[in-house]
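Read the structure below first, then the notes.
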Protein chains: 2
Amino acid sequence: METSRVKPGLNGVEGQKEATQAAGKPLGLVGEALRAFALALTLVAAVVMGLDKQTTTVPFQVVPTLPPLQVAVTAKWSHSSAFKYFVVANALVCIYSALSLLASLLTSARKKNLSLAVPIAIGDLIMVAVLFSTIGASMDFGLLGMHGNSHLRWNKVCNVYGKFCEKAMVAVVLVFFGLVVLAIISLHKRSK
Amino acid sequence: METSRVKPGLNGVEGQKEATQAAGKPLGLVGEALRAFALALTLVAAVVMGLDKQTTTVPFQVVPTLPPLQVAVTAKWSHSSAFKYFVVANALVCIYSALSLLASLLTSARKKNLSLAVPIAIGDLIMVAVLFSTIGASMDFGLLGMHGNSHLRWNKVCNVYGKFCEKAMVAVVLVFFGLVVLAIISLHKRSK
């Protein structure tokens, strides 16, 4: 009944070996491809949002007896805190993805353990968190833009800035896909 | 003297055994305490936000020549999509924390592998994601409430609903701490 006794040394070596493999190249070539994909998605999302601008004209009644003036108004991503955060957060995730991809490629090339398991795991989780918070903020702003808030007398604006709202939505959807990719990378090690 | 001996299990499957132990009780008693803490924080946050309501009076000018009427206005969490999402998300995280705590306790008590590593890892990540998105949405709504958006002619409202905004902020801070706890639980297994 003593069969379950573990051989001295084996346990430690096994664990270390497993940890090393997981640290060096968690997903191998697939992981690198996924990181590159996350980089591309967040980059495109940041660019789409960063270039999002629409100028349109709205009628503006100066004197009740005269016809309304047509006033040019502009919507721009930088007019909203949520969208500014969106661009900054996506740029940050791009840089992180590029760095983690580089680290992953270096580790693969040298077949060495660079002990990056912990920082990369923390980094992945922070990036997922940052992207989720930016999606939350942008979605809230988008919903307010689409429907307004009658209790606070904030009028909807997407009826005026239709194209602007559409492009912002495209950017949010892109980030959502980027998030799915990052979540896959982030979860993979645990499911082994 | 034989009572404390570990029963011979699936011998030779070292990796699986280790994974099983990590799955069943990733942090042991500390993990269970952390899950209970996350549960408490998100529960209090949901309650604080769910009870957040303020009625105040604002001057309302009906006729320019007469003094303004004092009109009672009410701010309530359910007037905002972001705050509704906040309450629902926190309730969800509470239920999840309770279930995962229960699973963790059962696993510890029976010293059995319930094969919950993957669902719990995925669940933890989803909860972190949900809470981050709700923080993003609530922060965006809070910032709009505090500063308004002059480009969209959305007036700030926290000067009128001061207490309402303060309580909402308290709820967001509570969730932030809940998130830190969940992130610690979520990251722990990788850092081993």
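A few comments on the model shown:
- Yes/no for B:Thr56 being in contact (Cβ under 8 Å) with a residue 60 or more places away in the chain, away from chain A (no Cβ under 12 Å) and part of a strand (DSSP E or B): yes
- When residues of the range B:59-90 are limited to those that are of a type in the set (Gly, Ala, Ser) and in a strand (DSSP E or B), the one most open to solvent (accessible area, probe 1.4 Å): B:Ala72
- Hey, A:Val160 farther than 19 Å from A:Ala103 by Cα, within 10 Å of chain B (Cβ to nearest Cβ) and not in a helix (DSSP H, G or I) or not: yes
- Restricting the range B:113-155 to residues that are open to solvent by less than 20 Å² (accessible area, probe 1.4 Å) and outside any helix (DSSP H, G or I), the residue that is nearest to the other protein chains (Cβ to nearest Cβ): B:Trp154
- Identity of the residue in the range B:6-54, among the polar types (S, T, N, Q) and either open to solvent by 90 Å² or more (accessible area, probe 1.4 Å) or out of contact with any strand residue (DSSP E or B) (no Cβ under 7 Å at 6 or more places or on another chain) (or both), that ends up modelled with the highest pLDDT: B:Thr42
- Every listed requirement among (1) aromatic (Phe, Trp, Tyr); (2) at the interface with chain A (Cβ under 10 Å from one of its Cβ atoms); (3) open to solvent by 10 Å² or more (accessible area, probe 1.4 Å) is met by B:Tyr96 save one, (2).
- Index of the failed condition, A:Val93 passing every other in (1) free of Cβ contacts under 8 Å to residues at least 60 places away in the same chain; (2) part of a helix (DSSP H, G or I); (3) not acidic (Asp, Glu): (1)
- Evaluation of A:Ala109 against (1) away from every other protein chain (no Cβ under 13 Å); (2) surrounded by 16 or more Cβ atoms within 10 Å (Cβ to Cβ); (3) over 19 Å from A:Gln54 (Cβ atoms) (one fails), failing number: (2)
- Tally, over the range A:166-192, of residues that are within 12 Å of chain B (Cβ to nearest Cβ) and in a helix (DSSP H, G or I): 15
The values are calculated or read from the model by the stated rules, or taken from the named source; none is laboratory data. Worth saying up front: this structure is predicted, and the values here are computed from it rather than measured. Using ideal geometry, Cβ is built from the backbone for each residue, glycine included, and neighbour counts are taken over all protein chains shown. The protein model used for the area step is the full one, side chains on, heavy atoms only, and it has no ligands, DNA or RNA in it. Shrake-Rupley method; radii C 1.70, N 1.55, O 1.52, S 1.80 Å.
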